[in-house]
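Data block below; observations after.
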Amino acid sequence: MLSIKNLSVSINDEKILENFNLEIKKGETHIIMGPNGSGKSTLCYAIMGHPKYKITSGKIEFNGQNILEMPTDERARAGLFLAFQYPKEVPGITFGNFLRQSSNVKLKESGEKVLSPMEYFKIAKELIEKVDLDKSMIGRGVNEGFSGGEKKRAEIVQMAALKPKLSLIDEIDSGLDIDSLKKVAQSIEEIKSETGMSTILITHYQRLLNYMNFDFIHIMKNGKIVKTGGKELVEDLEKNGYQNF
Ligand SMILES: Nc1ncnc2c1ncn2[C@@H]1O[C@H](COP(=O)(O)OP(=O)(O)OP(=O)(O)O)[C@@H](O)[C@H]1O
Ligand SMILES: [Mg+2]
């Protein structure tokens, strides 16, 4: 469903990704690990179409469609979703309204009836409480004053609301306490089994992977995948770091 071929990406004329290749099939989960600055977040932004990240060569196809010409909102409507490493605060729009408006775009496109604030409240409350956030968050600005861990959990709430076809989850575990980590991993697994969603999950640590099913682990270094394998790779990494790659 996602096919990335020979992708090179630059920021301010500096090459970050070089001839990057990745194929993801429906329902697969791919873990990406790699040292700081290796280009993991850059890959996510390039897939989502961030204007600062210039594609200098290669292609990205999503369900057979060339997405490189599509603006970010169209990519999102096609079913791509990014859970940010550093979620931004969006004051002035409440979290509940944000969730409802984005869900309604999807409902509208599939010809279904859009939901009123009253109708949506119950859905939002359930989604929010599933990751142990308080329902009062519905009435607060998006991420406004949320703690680090609350922001990360709010990203998962958005994912649960939107039911994307492919999620890019960038270091969801950083800043989460042990219990939240488990909850978030369970929520991701639940969404995967409910929707058949494919996932690219970026992490630095084994602990999140202990609670998750996955198909491949890729080690990324200097803008490229340098090794692909299974669980044994993480164990090696936890022991020896990245020096062997
Ligand atoms: N807007 C920017 N301007 C200049 N350089 C940038 C910009 N964004 C990213 N870079 C550089 O691109 C490289 C890759 O960054 P990226 O954020 O993709 O790394 P990462 O693998 O996600 O790292 P981390 O594990 O620390 O999150 C880094 O050297 C970073 O400084
Ligand atoms: Mg990053």
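Just so it is clear, none of the values below were taken in a lab; they were calculated from the coordinates. Here the structure is a predicted model, which means the values were calculated and not measured. Note: ideal-geometry Cβ built from the backbone for every residue, glycine included; neighbour counts use all protein chains shown.
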Tell me the mean residue ellipticity at 222 nm calculated for the chain from its helices only (DSSP H runs of n ≥ 4, each -39500 (n - 2.57), averaged over every residue, nearest 500). -11500 deg cm²/dmol
Let me have the relative contact order for the range 54-186, percent, based on Cα pairs under 8 Å that are six or more residues apart. 35 percent
Sequence gap at least 6, Cα distance under 8 Å: using those rules, report the relative contact order of the range 118-245 to the nearest whole percent. 20 percent
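Mind checking the full-extension length gain between Asn19 and Lys125? Use 0.36 nm per residue of separation minus the Cα-Cα distance, one decimal, nm.
Computed gain between Asn19 and Lys125 is 33.8 nm.
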How many nm is it between the label spots at Thr72 and Tyr86, if each spot is 7 Å from the Cα in line with the beta carbon? 1.4 nm
Running a GNM on the chain with Cα contacts under 10 Å, which residue among Lys130, Lys88, Lys192 ends up with the highest mean-square fluctuation? Lys88
Note down the nm distance, to one decimal, between modelled labels 7 Å out along Cα→Cβ at Asn6 and at Gln206. 3.9 nm
With a 10 Å cut-off between alpha carbons and a GNM built on the chain, which of Gly79, Gly96, Gly139 moves the most? Gly139
Beyond 27 Å between alpha-carbons counts as too far, so tell me which of Lys54/Lys130; Lys26/Lys183; Lys59/Lys182; Lys122/Lys152; Lys5/Lys182 fall in that bin. Lys54/Lys130; Lys59/Lys182; Lys5/Lys182
Return the distance in nm (one decimal) between the two label points of a simple spin-label model at Glu194 and Lys54, each offset 7 Å from Cα along Cα→Cβ. 4.2 nm
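Take each of the peptides 219-225, 13-19, average the number of other beta-carbon atoms within 10 Å over its residues, and list them starting from the highest. Before the final figure, lay out each step's value.
On the way: 219-225: 18.9, 13-19: 14.9.
With the highest mean Cβ count within 10 Å placed first, the list reads 219-225, 13-19.
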Using each residue's phi in the range 104-116, evaluate 6.51 cos²θ - 1.76 cosθ + 1.60 at θ = phi - 60° and report the 3J(HN,Hα) Karplus result to the nearest Hz, with x for Gly and Pro. 5, 4, 5, 4, 4, 5, 8, x, 8, 6, 6, 9, 7
Residues in the range 151-181 near a label at Glu238, defined as backbone nitrogen under 19 Å from the 7 Å Cα→Cβ point? 171-181
Determine, for each peptide in 207-213, 107-113, the mean count of other beta carbons within 10 angstrom over its residues, then list the peptides with the highest first. 207-213, 107-113
Quick one: which of 65-75, 1-11 comes out on top by average Cβ neighbours within 10 Å, and what's the full order, highest first? 1-11, 65-75
